[in-house]
1. If only one of T329, T305, T363 is more than 15 Å from the chain's Cα centre (by Cα), surrounded by 24 or more Cβ atoms within 10 Å (Cβ to Cβ) and touching a residue at least 40 places away in the same chain (Cβ under 8 Å), which one is it?
2. Which members of the range 46-63 meet the condition of being polar (S, T, N, Q) and surrounded by fewer than 15 Cβ atoms within 10 Å (Cβ to Cβ)?
3. Within the range 88-103, restricting attention to residues that are aliphatic (A, V, I, L, M) and surrounded by 24 or more Cβ atoms within 10 Å (Cβ to Cβ), which residue is farthest from S17 (Cα to Cα)?
4. Filter the range 502-536 down to the residues that are surrounded by 14 or more Cβ atoms within 10 Å (Cβ to Cβ) and among the β-branched types (V, I, T), then identify the one that is modelled with the lowest pLDDT.
5. Here is a check on your reading of the model: is F81 within 20 Å of L115 (Cβ to Cβ), touching a Phe, Trp or Tyr at 6+ places or on another chain (Cβ under 6 Å) and outside the structural domain of P468 (by TED's automatic domain parsing)?
6. Regarding the range 109-123, can at least one residue be identified that is within 22 Å of R28 (Cα to Cα), surrounded by fewer than 24 Cβ atoms within 10 Å (Cβ to Cβ) and over 21 Å from the mean Cα position of the chain (by Cα)?
7. Taking the criterion of being assigned to a helix (DSSP H, G or I) and either more than 26 Å from R501 (Cβ to Cβ) or touching a residue at least 40 places away in the same chain (Cβ under 8 Å) (or both), would at least one residue in the range 50-62 satisfy it?
8. Output the residues belonging to the range 118-139 that are closer than 22 Å to A158 by Cα and in contact (Cβ under 8 Å) with a residue 40 or more places away in the chain.
Amino acid sequence: MNHWLIPADALVGLAGSICGAVLPTRFRLTAAALITSVAAGIGLLASVLVLSGAEAVSFHSSQVIPLTGVSFSIDRLGALFTATIAVVSLCSSVYAIGYGGPGLSSRRSASVLPLFVTSMLLVPAAASMTTFLFVWEAMALGSLVLVLADHAKRPEVASAGQWYGVLTQVGAAAILLALLLLSTRTGNLSFTAIRLHAHAIPMSVRSAAFVLAAIGFGSKAGAVPLHVWLPRAHPEAPGPISALMSAGMVNLGIYGLVRVGIWMLPGGPSWWWIALITIGAASALFGVLHSSTETDLKRLLAYSTTDNLGLVLLGVGASGLFAATGHRTLSAVALLASLLHVVFHAGFKGVLFLAAGSMQKATGTKDLDRLGGLLSTMPVTGLFFLIGGMTISALPPFSGFVSEWLLLQAFLHGSTSHNTYLTVAMPLAVAVFALTGGLTMVTFTKAIGIALLGRPRSEEAGTAVEVPASMWIPTGLLASSSLVFGIAPFLLVPSVLGAVRVATGSTVHSPLQGGWQVGLSGVHGGILPLAFAVLLVVAIVAVAGGRKVSQRGPVRHAEPWGCGREIQTARMQYTATSFAEPLVRVFDDVLRPDHDLDVSHSAESRFYIEAIAFHTEREDAFERHAYRPAGRLVAAWGDIARRVPNGNIHRYLAFGMAALIVVLILFA
């Protein structure tokens, strides 16, 4: 049925864009952000209606896009992603009011922010090829403009925008080709029609469409080797935009893969999913390795997005492989765990990016080596960052533990199968999962320990003050969701289960056993998240009470990280560089770091050293060995091409004649 919520969402987003464009500087960002929040609220309402059991919310009109019109329909799969993006957008929009800044408050950025959020909300609702490509491109261009918000102040922002712009258009071209292959074979632009006639499409065409979709949507999800835009764009974007991109937009890459690979093209062969598992494993390992050795806080978080989305790709690939080999129950469990992790990742990555934005706003830097002691000067922001770090590390009782436990159980039970593909792929998936989990723990031990604890390593960190409530309240809302869903995942599992049923087109039994317990239908295993929370509280109370009872004499106070010393300075503490140095040495062949040692000698004599400065830099291997040579090749070709139009009319006529001859030879 037609529903007013979808056009209302689009109209509210357009109104926010107009306000951002015409209002004076003092009011434009606040007005645009508040109207964007209303658009996110409408999207959340439509999604909740669908997830609660109502029929799909639909809207069709021939008045917007010429010839084809627009077609929207939100089913439970789309509603899950729309609701996730809506919550992140709502919190990030409110956060943007306090964050401000000349870049984000400019007329261009304030007018684009509502359009970017609205297009993200509409992508999962698009029900036809033209509608999908229209809102997808609007989302991509809007995010590019917002990444470039501070380009006038920092030249590196323009470079990041170039990388992001090129790769996002490469991905869009691959998606366009994939959907064109499917629509031309079925003679219909509707996604539902393509799905109904998918069995009549030759397998070679379906495979080509799947590969193109994996390239296009994988690039948006930050999958290796198309991830290089992510650690460049996220650190240079304003704090709330980084959160919107990493906690919202990248999830649409997973949505596209599930929509096309599982829903639109059911029954794919095993090699599709083995390829996806390989990409997911490479992304998870490459992402966590770089994040564990990174010293730029926002680049660290960007690489951890590649890591976590790699785990999701690993789960989606495992789900498809289980289905292709006849293991329907494990397929449903793997897809359920993957979609759960998408939702939970949006929550804790939103917390981490918003908290990192607050730290950067308060200190003027995102370099971990210049931070420290922020848990004392910014206790609220520090607490939320701590919660986000524990959630991404999959520690109970937070939400990351639930989704990663379910994903690991699917891998473990799949490894006992007698199918050759599964007996090889699943143990490797478990190994990747274990190594990734360990390095993630190291990564956020470093980030939390260096940024929040110890003594300030710079004057800016020492004088930092807590950000205003308009920034920490939305951060706290996302942080609280990690705790709530970690203790009570049954609040969310039915909604995710409905999305799994839509994606697979089959009935899937609920993994909930007895309400509070999360188990595995058809296989052995289960957890009771509430028990973890209760035991944790009991343990904390017992340790605190025992310490109080056994205490003898006055409490002795000492400097944190002082190791008993009475005098402690910031130079005596670990830095992020020194903390990561053992890992850099172990993975030297992969990271290939560049070291620079600068020795300054005394003016009186070169035999006396005045200062020594050591700097290490790690460049992305794919960027160094693949993208930069390709860029040089394109630049060289451009230099040659510029010599062709020299103004000689005879040369131009010769080109035209040569082109005509080629056409006649080929098509005559």
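1. T363
2. Passing the criteria: S52, S61, S62, Q63.
3. V88
4. That would be V523.
5. yes
6. Among the residues of the range 109-123, at least one is within 22 Å of R28 (Cα to Cα), surrounded by fewer than 24 Cβ atoms within 10 Å (Cβ to Cβ) and over 21 Å from the mean Cα position of the chain (by Cα), which makes the answer yes.
7. Yes, the range 50-62 contains at least one residue that is assigned to a helix (DSSP H, G or I) and either more than 26 Å from R501 (Cβ to Cβ) or touching a residue at least 40 places away in the same chain (Cβ under 8 Å) (or both).
8. Correct list: M139 only.
The values are calculated or read from the model by the stated rules, or taken from the named source; none is laboratory data. As the structure is a computational prediction, the values presented were derived from the model and not from experiment. Glycine also receives a Cβ, built like all others from the backbone with ideal geometry; neighbour counts cover every protein chain displayed.
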